[in-house]
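Reviewing the structure listed below.
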């Protein structure tokens, strides 16, 4: 939690600098695919990676010259899962509204900067479940899935952004419903995502 608080303070600082430095603002659609898996602490769970999708809108502030800024998105996310839980096969999709917030640094490399700019980014993501929580009769998903993203990308002609990032789950996303066996289940979502955005 302290790390997230520090990041949010850094985001506020970047916004303040951006506002005083006549920052560039961009906004546009963003789409992509994700490959997610649940990492459990119990051997009774076996999970396979499954491909889902994401789509939404992205906004970006960037301070000119130094290339530092932030972006925030509102995304609809579909995550698919196929697992063996207590020897029973389970197939499920989970729907979320996700809000990733990233600090981003674009590298202004001489000569090629007008054509392409590499960038790196990192920050938290907050996903709020909109689908049914039940995983099985004995297990259910929690309402909020928090993760930390680390990624890189390329911006072409100051508009098209292609990015890839890895999201590391920070909180337990699965609860055991049974009152008889209340053993804590440590299940965190880890996810690779590739996106394309067109910002104006």
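Under the definition of Cα pairs under 8 Å and six or more residues apart, what whole-number percent is the relative contact order of the range 65-128? Let's see the in-between values first.
Details: 111 pairs, mean separation 22.1, N = 64.
The value is 35 percent.
How much FRET efficiency would the formula 1/(1 + (r/R0)^6) give for residue 194 and residue 133, where r is the Cβ-Cβ distance and R0 is 25 Å, rounded to 0.05?
The pair residue 194/residue 133 has a calculated efficiency of 0.35.
Based only on other Cβ atoms within 10 Å, what is the fewest-to-most ordering of 159, 190?
Lowest count first: 159, 190.
At 7 Å along Cα-to-Cβ for each site, give me the label-to-label distance between residue 164 and residue 87 in nm.
Result for the modelled spin labels: 4.0 nm.
How would you rank 133, 188, 114, going from fewest to most other Cβ atoms within 10 Å of each one's own Cβ?
The order, fewest Cβ neighbours first, is 114, 133, 188.
Return 50, 79 ranked ascending by Cβ neighbour count within 10 Å, so the fewest neighbours appear first.
With the fewest neighbours first, 50, 79 line up as 50, 79.
Identify the residues of the range 52-93 with backbone N under 19 Å of a label point that sits 7 angstrom from the Cα of residue 140 along the Cα-to-Cβ direction, or state none.
It comes to 91-93, nothing else.
Bear in mind that the values in this text are calculations on the coordinates, not laboratory data. Everything quoted here is computed from the prediction, not taken from an experiment. Ideal geometry is used to build each Cβ from the backbone, glycine not excepted, and the neighbour counts take in all protein chains shown.
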